[in-house]
Amino acid sequence: MDTQRFGDFVGVHRHGHVAELRLDRPKAMNAVSTAMADGISAACAALAADRDVRVTVLTSTHERAFCVGADLKERNSFSDADLMRQRPRTRAAYTGVLELPMPTVAAVHGFALGGGFELALSCDLIVADRTAVVGLPEVSVGVIPGGGGTQLLPRRVGAARAAELIFTGRRVEAAEARELGLVDQLVDEARDTPEALELAGRIARNSPVGLRAAKRALRLGHGLDLRTGLDLEDGAWRSVAFSADRAEGVAAFVEKRSPEWPGE
């Protein structure tokens, strides 16, 4: 398994066509410092440019936490000017995950709070184990979710439910999180990463051209009126209809064999 480092706190491990983006700052429970944010941004830029990656899985090396959010110890030392200088760099990390062009899966265990939960929300799917505790507690320290939480959470669970969770800042344990739709799959303890990688492997068997176009249509079409959304879908369909992947997919189906995707 190939490994590439992006700074001290982020690594990318390859499992064939699946990339595992690891949050690797265990001494701080993966709290997102400026340096870690830069690593996430750099890793996402490299993944976005790699046409061989069909699915990305976001994981954690810490046994008891996915990510506890912003590094408040670092921020406590900041002046107002320092905080303003940091803001574009931390925002780029969350945006980097959100804008990855291939399907993304978060593997969550333990604490996924604040910016940590926002990293998971930036993925298309969330697999959580039974130790997971999620939430957006930012108002309890005088700020608001700033990594996409106020926009991504209502898209998952609706405006009123998101308001209750954000305004109270409460922590939600795994079973309730699954019931509310905060996570998509609930698995046994310590099975979040294996199950997320297995899911990613199943997704990766499909056309990389088709996967990226489907994600683009899903993401860009959300919130549009139906006619506009259907026009957007038609554009995505046209972008793949005459691709080499489409030709291979049809040929493989007719010939009753597994496709060998050209990826173009």
- What relative contact order, as a whole-number percentage, does the chain give when Cα pairs under 8 Å and 6 or more residues apart are counted? 15 percent
- Message: Give me a comma-separated list of calculated 3J(HN,Hα) values for the stretch 13-28, in order, Karplus coefficients 6.51, -1.76, 1.60 applied at θ = phi - 60°, integers in Hz, x for any Gly or Pro.
- Response: 10, 9, 10, x, 8, 9, 9, 9, 8, 9, 7, 9, 10, x, 5, 10
- Item | Separation between Cα centres of the stretch 150-192 and the stretch 1-62, rounded to whole Å | 24 Å
- Residue-by-residue Karplus 3J(HN,Hα) for the stretch 144-150, coefficients 6.51, -1.76, 1.60, Hz, glycine and proline x: 10, x, x, x, x, x, 5
- Solvent-accessible area per residue for the chain (1.4 angstrom probe, square angstrom): 51 Å²
- Quick one: dipole size for the chain, taken about the Cα centre, charges +1 on Lys/Arg Cβ and -1 on Asp/Glu Cβ, in debye to the nearest 20. 260 debye
- In terms of modelled amide H atoms, which long-range or inter-chain residues lie less than 5 Å from the amide H of Ile126? Ala106, Asp184, Gln185
- Message: Considering only protein heavy atoms and a probe of 1.4 Å, how much of the accessible area of the chain is carbon and sulfur, as a whole percent?
- Response: 54 percent
- Does the stretch 128-233 come out rounded, prolate or oblate by the C-alpha gyration tensor, with a ≥ b ≥ c the root eigenvalues, rounded set by a/c under 1.5 and, if not, prolate when a/b is larger than b/c and oblate if not? oblate
- Task: Once you have a ≥ b ≥ c as the square roots of the Cα gyration tensor eigenvalues for the stretch 181-247, tell me rounded if a/c is under 1.5, and otherwise prolate or oblate according to whether a/b is larger than b/c.
- Result: oblate
- Query: Given Leu226, Val240, Ala213, which one lies farthest toward the positive end of the charge dipole of the stretch 103-246, if we put +1 on the Cβ of every Lys and Arg and -1 on the Cβ of every Asp and Glu?
  - Reply: Val240
- Query: For the stretch 23-116, how big is the tail of P(r) above 23 Å, as a whole percent of Cα pairs?
  - Reply: 25 percent
- Query: Among the lysines, which have Cα under 16 Å from the Cα of Lys73 when same-chain residues fewer than 8 positions away are ignored?
  - Reply: Lys27
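The values are calculated or read from the model by the stated rules, or taken from the named source; none is laboratory data. For clarity, every value in this text was computed on a predicted model and none was experimentally measured. When we count neighbours, we look across all protein chains shown, and the Cβ atoms used for this are built from the backbone with ideal geometry, even at glycine. Please note that ligands, DNA and RNA were not included when accessible areas were found on the heavy atoms of the full protein model with its side chains. Shrake-Rupley method; radii C 1.70, N 1.55, O 1.52, S 1.80 Å.
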